[in-house]
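Notes to accompany the following structure.
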Amino acid sequence: MRVLVCGGAGYIGSNMTAMLAGAGHEPIVYDNLSSGHRKAVKDAEFVRGDLADFDLLVKVLKEKKIDAVMHFAAFIEVGESVKEPLKFYHNNFCNTRNLLAAMEKCGVGRFVFSSSAAVYGVPEKTPITEEQVKNPINPYGEGKWIVERMCHFQSLTGRLNYAALRYFNACGAGQNCTLGEDHRSESHLIPLVIAAAMGKRKDVKLFGADYPTADGTCVRDYIHIEDLCSAHLLALGKLQSQSELVCNLGNGKGYSVRQIIETVKKVSGKDFKVTEAARRQGDPPILTADATRAINELGWKVKFPQLEKIVETAWNWHNKYPDGYGD
Ligand code: UFG
(Lines give C-alpha, C1' and ligand atoms only; values in the text may rest on other atoms or scores of the structure.)
Protein backbone atom coordinates (compact mmCIF):
# COMPACT_ATOMS: atom_id res chain seq x y z
CA MET A 1 0.00 0.00 0.00
CA ARG A 2 1.05 3.60 -0.54
CA VAL A 3 0.81 5.11 2.91
CA LEU A 4 1.01 8.80 3.75
CA VAL A 5 2.72 9.07 7.13
CA CYS A 6 1.83 12.44 8.62
CA GLY A 7 4.45 13.29 11.24
CA GLY A 8 6.76 10.66 9.77
CA ALA A 9 9.87 12.57 10.83
CA GLY A 10 8.98 12.33 14.52
CA TYR A 11 9.88 9.61 17.01
CA ILE A 12 6.96 7.24 16.43
CA GLY A 13 6.33 8.26 12.81
CA SER A 14 9.93 7.64 11.71
CA ASN A 15 9.92 4.18 13.27
CA MET A 16 6.59 3.47 11.58
CA THR A 17 7.94 4.65 8.22
CA ALA A 18 10.93 2.31 8.46
CA MET A 19 8.71 -0.61 9.45
CA LEU A 20 6.26 0.05 6.60
CA ALA A 21 9.12 0.09 4.09
CA GLY A 22 10.54 -3.10 5.60
CA ALA A 23 7.14 -4.78 5.24
CA GLY A 24 6.95 -3.96 1.52
CA HIS A 25 4.66 -0.91 1.72
CA GLU A 26 5.51 2.45 0.17
CA PRO A 27 5.54 5.12 2.88
CA ILE A 28 5.51 8.80 1.90
CA VAL A 29 6.32 11.13 4.78
CA TYR A 30 4.41 14.40 5.19
CA ASP A 31 5.90 16.55 7.95
CA ASN A 32 6.39 20.27 8.61
CA LEU A 33 9.56 19.56 10.66
CA SER A 34 8.25 21.69 13.53
CA SER A 35 9.45 18.97 15.87
CA GLY A 36 10.56 16.11 13.62
CA HIS A 37 13.98 15.49 12.12
CA ARG A 38 14.68 15.22 8.40
CA LYS A 39 17.51 12.76 9.15
CA ALA A 40 15.06 10.39 10.85
CA VAL A 41 13.41 9.73 7.47
CA LYS A 42 15.52 7.14 5.71
CA ASP A 43 13.63 4.79 3.43
CA ALA A 44 10.88 7.06 2.16
CA GLU A 45 9.98 9.98 -0.01
CA PHE A 46 9.66 13.18 2.01
CA VAL A 47 7.21 16.04 1.53
CA ARG A 48 7.59 19.10 3.73
CA GLY A 49 4.08 20.23 4.45
CA ASP A 50 1.65 21.37 7.09
CA LEU A 51 -1.64 19.71 7.96
CA ALA A 52 -3.30 23.11 7.75
CA ASP A 53 -2.46 23.23 4.03
CA PHE A 54 -5.56 21.64 2.48
CA ASP A 55 -4.48 22.21 -1.12
CA LEU A 56 -1.10 20.60 -0.61
CA LEU A 57 -2.69 17.64 1.17
CA VAL A 58 -5.10 17.12 -1.74
CA LYS A 59 -2.25 17.41 -4.25
CA VAL A 60 -0.09 14.88 -2.40
CA LEU A 61 -2.95 12.43 -1.81
CA LYS A 62 -3.82 12.52 -5.51
CA GLU A 63 -0.37 12.68 -7.11
CA LYS A 64 1.13 10.00 -4.90
CA LYS A 65 -1.97 7.80 -5.30
CA ILE A 66 -2.23 7.31 -1.54
CA ASP A 67 -4.21 4.27 -0.30
CA ALA A 68 -4.07 4.94 3.44
CA VAL A 69 -3.01 7.61 5.93
CA MET A 70 -1.29 7.21 9.28
CA HIS A 71 -1.36 10.28 11.48
CA PHE A 72 1.35 11.03 14.05
CA ALA A 73 1.59 14.79 13.54
CA ALA A 74 0.31 16.04 16.87
CA PHE A 75 1.60 18.09 19.77
CA ILE A 76 2.38 15.74 22.67
CA GLU A 77 3.13 17.62 25.85
CA VAL A 78 0.26 17.44 28.29
CA GLY A 79 1.60 20.30 30.44
CA GLU A 80 1.84 22.61 27.42
CA SER A 81 -1.72 21.71 26.41
CA VAL A 82 -2.96 23.02 29.75
CA LYS A 83 -1.08 26.30 29.22
CA GLU A 84 -1.93 26.67 25.51
CA PRO A 85 -5.30 24.96 24.91
CA LEU A 86 -6.09 26.81 21.66
CA LYS A 87 -2.76 25.83 20.12
CA PHE A 88 -3.56 22.19 20.90
CA TYR A 89 -7.16 22.29 19.67
CA HIS A 90 -5.94 23.90 16.47
CA ASN A 91 -3.27 21.36 15.59
CA ASN A 92 -4.54 18.18 17.20
CA PHE A 93 -8.20 18.68 16.30
CA CYS A 94 -8.74 21.30 13.52
CA ASN A 95 -5.77 20.15 11.45
CA THR A 96 -6.84 16.52 11.76
CA ARG A 97 -10.29 17.51 10.54
CA ASN A 98 -8.58 19.21 7.61
CA LEU A 99 -6.68 16.00 6.84
CA LEU A 100 -9.88 13.93 6.94
CA ALA A 101 -11.60 16.43 4.64
CA ALA A 102 -8.73 16.19 2.15
CA MET A 103 -8.93 12.39 2.34
CA GLU A 104 -12.68 12.51 1.74
CA LYS A 105 -12.20 14.77 -1.27
CA CYS A 106 -9.66 12.36 -2.75
CA GLY A 107 -11.57 9.19 -1.87
CA VAL A 108 -8.87 7.93 0.51
CA GLY A 109 -10.74 5.86 3.06
CA ARG A 110 -8.22 4.24 5.39
CA PHE A 111 -6.89 6.03 8.45
CA VAL A 112 -4.77 4.95 11.40
CA PHE A 113 -4.86 7.48 14.21
CA SER A 114 -2.46 7.89 17.16
CA SER A 115 -4.72 8.15 20.14
CA SER A 116 -3.66 8.04 23.75
CA ALA A 117 -4.32 6.65 27.22
CA ALA A 118 -4.99 10.31 28.02
CA VAL A 119 -8.56 9.86 26.72
CA TYR A 120 -9.43 8.02 29.96
CA GLY A 121 -8.33 10.79 32.33
CA VAL A 122 -7.99 9.36 35.83
CA PRO A 123 -9.29 5.82 35.36
CA GLU A 124 -11.72 4.26 37.81
CA LYS A 125 -9.79 1.00 37.63
CA THR A 126 -6.63 -0.44 36.09
CA PRO A 127 -5.67 -2.16 33.87
CA ILE A 128 -7.88 -0.04 31.62
CA THR A 129 -10.17 -1.60 29.01
CA GLU A 130 -11.33 0.28 25.92
CA GLU A 131 -14.93 0.48 27.20
CA GLN A 132 -14.04 2.37 30.34
CA VAL A 133 -15.28 5.91 30.80
CA LYS A 134 -13.52 8.53 28.68
CA ASN A 135 -12.99 11.57 30.84
CA PRO A 136 -9.91 13.45 29.65
CA ILE A 137 -8.52 15.94 32.14
CA ASN A 138 -6.44 18.10 29.77
CA PRO A 139 -6.71 19.58 26.25
CA TYR A 140 -4.25 16.98 24.94
CA GLY A 141 -6.46 14.05 25.97
CA GLU A 142 -9.64 15.90 25.02
CA GLY A 143 -8.28 16.58 21.52
CA LYS A 144 -7.51 12.89 21.02
CA TRP A 145 -11.00 11.95 22.18
CA ILE A 146 -12.76 14.47 19.91
CA VAL A 147 -10.82 13.15 16.93
CA GLU A 148 -11.83 9.60 17.82
CA ARG A 149 -15.50 10.68 17.87
CA MET A 150 -15.10 12.54 14.58
CA CYS A 151 -13.64 9.38 13.00
CA HIS A 152 -16.47 7.30 14.45
CA PHE A 153 -19.17 9.47 12.89
CA GLN A 154 -17.29 9.76 9.62
CA SER A 155 -16.98 5.96 9.50
CA LEU A 156 -20.78 5.70 9.82
CA THR A 157 -21.12 7.52 6.48
CA GLY A 158 -19.26 4.64 4.82
CA ARG A 159 -16.48 6.96 3.63
CA LEU A 160 -13.87 6.08 6.25
CA ASN A 161 -12.39 2.94 7.77
CA TYR A 162 -10.29 3.91 10.78
CA ALA A 163 -8.27 2.54 13.66
CA ALA A 164 -7.72 4.57 16.83
CA LEU A 165 -4.78 3.16 18.73
CA ARG A 166 -4.52 4.36 22.31
CA TYR A 167 -0.88 4.39 23.27
CA PHE A 168 0.36 4.06 26.78
CA ASN A 169 4.04 5.06 27.25
CA ALA A 170 5.98 4.67 24.01
CA CYS A 171 9.71 4.22 24.56
CA GLY A 172 12.92 2.56 23.42
CA ALA A 173 14.68 2.73 20.06
CA GLY A 174 13.84 0.80 16.90
CA GLN A 175 15.48 -0.54 13.73
CA ASN A 176 18.53 -1.95 15.54
CA CYS A 177 18.72 1.11 17.75
CA THR A 178 19.08 3.56 14.85
CA LEU A 179 15.79 5.44 15.37
CA GLY A 180 15.33 6.87 18.84
CA GLU A 181 13.68 9.54 20.91
CA ASP A 182 14.99 13.07 20.30
CA HIS A 183 12.51 15.72 21.39
CA ARG A 184 13.87 19.26 21.27
CA SER A 185 12.27 19.96 24.61
CA GLU A 186 12.35 16.64 26.44
CA SER A 187 9.73 15.90 29.09
CA HIS A 188 9.61 12.08 28.98
CA LEU A 189 10.96 10.07 31.87
CA ILE A 190 13.23 7.49 30.20
CA PRO A 191 15.25 9.90 28.01
CA LEU A 192 15.62 12.29 30.95
CA VAL A 193 16.88 9.53 33.26
CA ILE A 194 19.28 8.34 30.55
CA ALA A 195 20.57 11.92 30.17
CA ALA A 196 21.34 11.92 33.90
CA ALA A 197 23.13 8.56 33.58
CA MET A 198 25.21 10.02 30.72
CA GLY A 199 26.17 12.98 32.90
CA LYS A 200 24.23 15.44 30.72
CA ARG A 201 21.88 16.42 33.54
CA LYS A 202 22.87 16.97 37.13
CA ASP A 203 19.93 14.98 38.52
CA VAL A 204 16.58 13.36 37.87
CA LYS A 205 13.55 15.11 39.31
CA LEU A 206 11.04 12.73 40.76
CA PHE A 207 7.66 14.40 40.30
CA GLY A 208 5.76 13.31 43.40
CA ALA A 209 6.67 10.64 45.96
CA ASP A 210 3.35 10.67 47.80
CA TYR A 211 1.04 8.95 45.32
CA PRO A 212 -1.16 6.06 46.51
CA THR A 213 1.13 3.47 44.89
CA ALA A 214 3.52 0.86 46.34
CA ASP A 215 6.55 3.19 46.42
CA GLY A 216 4.71 6.52 46.27
CA THR A 217 5.63 7.30 42.63
CA CYS A 218 3.47 7.15 39.49
CA VAL A 219 3.04 3.86 37.67
CA ARG A 220 3.02 3.68 33.87
CA ASP A 221 2.84 1.00 31.18
CA TYR A 222 5.96 1.22 28.98
CA ILE A 223 5.67 -0.18 25.47
CA HIS A 224 8.54 -0.54 23.00
CA ILE A 225 8.34 1.55 19.85
CA GLU A 226 8.60 -1.47 17.55
CA ASP A 227 5.74 -3.20 19.35
CA LEU A 228 3.67 -0.06 18.98
CA CYS A 229 4.46 0.11 15.25
CA SER A 230 3.78 -3.58 14.61
CA ALA A 231 0.23 -3.06 15.93
CA HIS A 232 -0.23 -0.27 13.35
CA LEU A 233 0.80 -2.59 10.54
CA LEU A 234 -1.72 -5.17 11.69
CA ALA A 235 -4.42 -2.48 12.03
CA LEU A 236 -3.71 -1.24 8.51
CA GLY A 237 -4.38 -4.76 7.20
CA LYS A 238 -7.68 -4.96 9.10
CA LEU A 239 -8.93 -1.72 7.56
CA GLN A 240 -9.38 -3.45 4.20
CA SER A 241 -12.58 -4.93 5.57
CA GLN A 242 -13.28 -3.33 8.96
CA SER A 243 -14.67 0.18 9.36
CA GLU A 244 -13.82 0.76 13.00
CA LEU A 245 -11.14 -0.54 15.34
CA VAL A 246 -10.21 0.91 18.72
CA CYS A 247 -7.39 -0.68 20.72
CA ASN A 248 -5.23 0.02 23.74
CA LEU A 249 -1.53 -0.56 23.13
CA GLY A 250 0.47 -1.37 26.23
CA ASN A 251 2.33 -4.24 27.88
CA GLY A 252 -0.25 -4.53 30.64
CA LYS A 253 2.39 -4.24 33.33
CA GLY A 254 3.07 -1.15 35.35
CA TYR A 255 6.40 0.26 36.52
CA SER A 256 6.87 3.10 38.95
CA VAL A 257 9.12 6.10 38.35
CA ARG A 258 11.54 4.68 40.95
CA GLN A 259 11.61 1.33 39.13
CA ILE A 260 12.47 3.10 35.88
CA ILE A 261 15.30 4.94 37.60
CA GLU A 262 16.64 1.67 39.09
CA THR A 263 16.43 -0.06 35.70
CA VAL A 264 18.38 2.72 33.98
CA LYS A 265 21.02 2.53 36.74
CA LYS A 266 21.30 -1.23 36.21
CA VAL A 267 21.43 -1.12 32.40
CA SER A 268 23.91 1.79 32.31
CA GLY A 269 26.01 0.83 35.32
CA LYS A 270 25.93 4.54 36.28
CA ASP A 271 24.76 6.23 39.42
CA PHE A 272 23.23 9.71 39.54
CA LYS A 273 21.35 12.01 41.85
CA VAL A 274 17.58 11.72 42.27
CA THR A 275 15.76 14.72 43.71
CA GLU A 276 12.23 14.49 45.02
CA ALA A 277 10.10 17.31 43.60
CA ALA A 278 6.46 18.41 43.64
CA ARG A 279 3.83 16.50 41.69
CA ARG A 280 3.43 17.46 38.03
CA GLN A 281 -0.01 18.81 37.24
CA GLY A 282 -2.38 16.33 35.59
CA ASP A 283 -0.50 13.08 36.28
CA PRO A 284 -2.85 10.18 37.15
CA PRO A 285 -1.25 7.85 39.76
CA ILE A 286 -1.56 4.65 37.70
CA LEU A 287 -2.09 4.03 33.98
CA THR A 288 -1.82 0.46 32.73
CA ALA A 289 -3.43 -1.10 29.68
CA ASP A 290 -5.62 -4.10 29.20
CA ALA A 291 -4.47 -4.90 25.66
CA THR A 292 -6.50 -8.11 25.28
CA ARG A 293 -8.40 -6.66 22.33
CA ALA A 294 -5.22 -5.88 20.35
CA ILE A 295 -3.92 -9.36 21.10
CA ASN A 296 -7.17 -11.11 20.11
CA GLU A 297 -8.45 -8.95 17.28
CA LEU A 298 -5.18 -7.91 15.66
CA GLY A 299 -3.17 -11.00 16.55
CA TRP A 300 -0.64 -8.60 18.13
CA LYS A 301 2.43 -10.19 19.71
CA VAL A 302 4.74 -8.07 21.83
CA LYS A 303 8.48 -8.60 21.18
CA PHE A 304 9.69 -6.56 24.14
CA PRO A 305 7.76 -7.52 27.26
CA GLN A 306 10.75 -6.88 29.56
CA LEU A 307 11.46 -3.38 30.77
CA GLU A 308 15.21 -3.99 30.95
CA LYS A 309 15.39 -4.88 27.25
CA ILE A 310 13.35 -1.82 26.31
CA VAL A 311 15.61 0.46 28.35
CA GLU A 312 18.69 -1.19 26.81
CA THR A 313 17.56 -0.17 23.31
CA ALA A 314 17.06 3.43 24.46
CA TRP A 315 20.40 3.47 26.28
CA ASN A 316 22.20 2.11 23.18
CA TRP A 317 20.63 4.72 20.92
CA HIS A 318 21.46 7.65 23.20
CA ASN A 319 25.05 6.45 23.45
CA LYS A 320 25.41 5.92 19.72
CA TYR A 321 23.88 9.35 19.00
CA PRO A 322 24.73 11.55 21.99
CA ASP A 323 23.56 14.66 20.07
CA GLY A 324 20.41 12.95 18.80
CA TYR A 325 19.77 13.81 15.16
CA GLY A 326 22.00 16.87 15.57
CA ASP A 327 19.53 19.49 14.32
N1 UFG B 1 8.41 11.97 35.56
C2 UFG B 1 9.27 12.32 36.59
N3 UFG B 1 10.35 13.07 36.29
C4 UFG B 1 10.62 13.52 35.04
C5 UFG B 1 9.73 13.18 33.98
C6 UFG B 1 8.64 12.40 34.30
O7 UFG B 1 9.07 11.94 37.73
O8 UFG B 1 11.63 14.23 34.84
C9 UFG B 1 7.24 11.12 35.86
C10 UFG B 1 5.93 11.77 35.46
O11 UFG B 1 5.48 12.61 36.47
C12 UFG B 1 5.07 10.53 35.22
C13 UFG B 1 6.06 9.47 34.71
O14 UFG B 1 7.34 9.96 35.07
O15 UFG B 1 4.55 10.09 36.42
C16 UFG B 1 6.02 9.30 33.22
O17 UFG B 1 6.12 10.58 32.61
P18 UFG B 1 6.28 10.81 31.05
O19 UFG B 1 6.27 12.29 30.81
O20 UFG B 1 7.44 10.02 30.54
O21 UFG B 1 5.01 10.12 30.45
P22 UFG B 1 3.45 10.43 30.70
O23 UFG B 1 2.88 9.20 31.32
O24 UFG B 1 3.20 11.70 31.37
O25 UFG B 1 3.03 10.68 29.21
C26 UFG B 1 2.62 9.69 28.34
C27 UFG B 1 3.18 9.99 26.96
C28 UFG B 1 2.76 11.36 26.53
C29 UFG B 1 1.24 11.39 26.56
C30 UFG B 1 0.73 10.99 27.92
C31 UFG B 1 -0.74 10.88 27.92
O32 UFG B 1 4.57 9.88 26.96
O33 UFG B 1 3.24 11.71 25.25
O34 UFG B 1 1.25 9.72 28.29
O35 UFG B 1 -1.24 10.39 29.10
F36 UFG B 1 0.82 12.61 26.31
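The values are calculated or read from the model by the stated rules, or taken from the named source; none is laboratory data. The shown structure was predicted, so the numbers you read here are calculated from the model rather than taken from an experiment. We place every Cβ from the backbone using ideal geometry, glycine too, and count neighbours over all the protein chains shown. Surface accessibility is based on the protein's heavy atoms, side chains included, excluding ligands, DNA and RNA. Shrake-Rupley method; radii C 1.70, N 1.55, O 1.52, S 1.80 Å.
The table below gives the values:
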item: Neighbours by Cβ (under 6 Å, 6+ apart or cross-chain): first from region 141-163, crowded, with 18+ Cβ neighbours inside 10 Å; second at pLDDT 95 or above and among the acidic types (Asp, Glu); result: Ser155/Glu244
item: Looking only at region 159-178, and only at residues there that are under 27 Å from Val257 (Cα atoms) and of a type in the set (Gly, Ala, Ser), the one that is nearest to the ligand (Cβ to nearest atom); result: Ala170
item: Residue selected from region 260-274 under the condition under 13 Å from Lys202 (Cβ atoms) and open to solvent by less than 70 Å² (accessible area, probe 1.4 Å), by the criterion farthest from the ligand (Cβ to nearest atom); result: Phe272
item: Options Asn135, Asn98; residue that is at pLDDT 95 or above and more than 25 Å from Tyr11 (Cβ to Cβ); result: Asn135
item: Sole residue being in contact (Cβ under 8 Å) with a residue 24 or more places away in the chain and open to solvent by 60 Å² or more (accessible area, probe 1.4 Å), chosen from Lys42, Lys83, Lys64; result: Lys42
item: Scope region 67-78; condition open to solvent by less than 60 Å² (accessible area, probe 1.4 Å) and under 16 Å from the mean Cα position of the chain (by Cα); matching residues; result: Val69, Met70, His71, Phe72, Ala73, Ala74, Phe75, Glu77, Val78
item: Failed item in (1) in contact with a Ser or Thr (Cβ under 8 Å, 6 or more places away or on another chain); (2) outside any helix (DSSP H, G or I), with Glu276 passing the rest; result: (1)
item: Qualifying residue in region 199-217 (condition: buried (at least 20 other Cβ atoms within 10 Å of the Cβ), away from the ligand (no atom under 13 Å from the Cβ) and not in a strand (DSSP E or B)); result: no
item: Scope region 285-304; condition in a helix (DSSP H, G or I) and open to solvent by less than 20 Å² (accessible area, probe 1.4 Å); matching residues; result: Ala294, Leu298
